[in-house]
Amino acid sequence: MTINTKDAKPYHHGNLKHALLTAARRLLETEGHSDLSLRKCANAVGVSATAPQNHFANKAALLTALATQGYAELATYMRQGIDEHADRGTRRKAALLGYVGFAQDNPALYELMFARDRVASNDPELMRHVGECFVILADISKAFGNFEGEINKVEAKQQMFVWSLVHGYAQLLTANRFKKSDMLEMNILDIIPDLRG
């Protein structure tokens, strides 16, 4: 019996998990998360269709790993260009610009990170990176705006306001919804009502 080695796919790969995630990331940006599959990733990497199951039990596990990468990168973007001694105003500007910059640079990944019922929201590694992003958002929300009430409610209002504002702005921007020339000339910092603190 002759085996056609040209069509055979190897079962071993130097770092298969990393290679699959890299392929998935490329496919995500070109095809979106709905059309992404383990089979397509395996094909892109050049391994058998069953090989990815050693690292990802199913598509949801793959998407969760991608979202985890996304939140880790988002935190990096939000801290870009600042040091440990930067004041809150500087941290706030960097975080807001970083949040929007990440969404612009990775629109499909950004969409996946907030897609409903696509990732395992109880995944510990995912939650760790989500938490890291929220710590940054909580920090830059302090002393923001003129909210009234008990201190814990004020802080919650500040966090919800800032997150809603930057997330909504990023979504509208990546969807190309700002079409007026005056809008195109602005960035997130131009529409924040209060950057003191």
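With respect to the conditions (1) in a helix (DSSP H, G or I); (2) touching a helix residue (DSSP H, G or I) at 6+ places or on another chain (Cβ under 8 Å); (3) of a type in the set (Gly, Ala, Ser); (4) exposed (fewer than 15 other Cβ atoms within 10 Å of the Cβ), Gly89 falls short on a single one, namely (2). Return yes when Leu28 is buried (at least 18 other Cβ atoms within 10 Å of the Cβ), outside the structural domain of Asn187 (by TED's automatic domain parsing), closer than 30 Å to Leu189 by Cβ and not hydroxyl-bearing (Ser, Thr, Tyr) and no when it is not. Yes, satisfied.
Among the residues of the stretch 144-197, count how many are among the aliphatic types (A, V, I, L, M), farther than 14 Å from Ala95 by Cβ and not in a helix (DSSP H, G or I).
If we filter the stretch 144-197 for residues that are among the aliphatic types (A, V, I, L, M), which is where we start, we get 151, 154, 156, 160, 162, 165-166, 170, 172-173, 175, 183-184, 186, 188-189, 191-192, 195.
Narrowing the set further to residues that are farther than 14 Å from Ala95 by Cβ leaves 151, 154, 156, 160, 172-173, 175, 183-184, 186, 191.
In the following step, the residues that additionally are not in a helix (DSSP H, G or I) were identified as 175, 186.
Residues in the stretch 144-197 being among the aliphatic types (A, V, I, L, M), farther than 14 Å from Ala95 by Cβ and not in a helix (DSSP H, G or I): 2 in total.
Within the stretch 32-61, residues that are touching a residue at least 12 places away in the same chain (Cβ under 8 Å) and closer than 18 Å to Ala108 by Cβ reach partners that are surrounded by 14 or more Cβ atoms within 10 Å (Cβ to Cβ) and of a type in the set (Asp, Glu) with beta carbons closer than 8 Å, at six or more positions or on different chains, in the pairs Gly32/Glu111; His33/Glu111. For the stretch 113-127, a residue qualifies if it is in a helix (DSSP H, G or I), free of Cβ contacts under 8 Å to residues at least 60 places away in the same chain and closer than 21 Å to Val166 by Cβ, and the qualifying residues are Met113, Met127.
The values are calculated or read from the model by the stated rules, or taken from the named source; none is laboratory data. Computed from a predicted structure; not experimentally measured. Please note: Cβ atoms are built from the backbone with ideal geometry, for glycine as well, and neighbour counts cover all protein chains shown.
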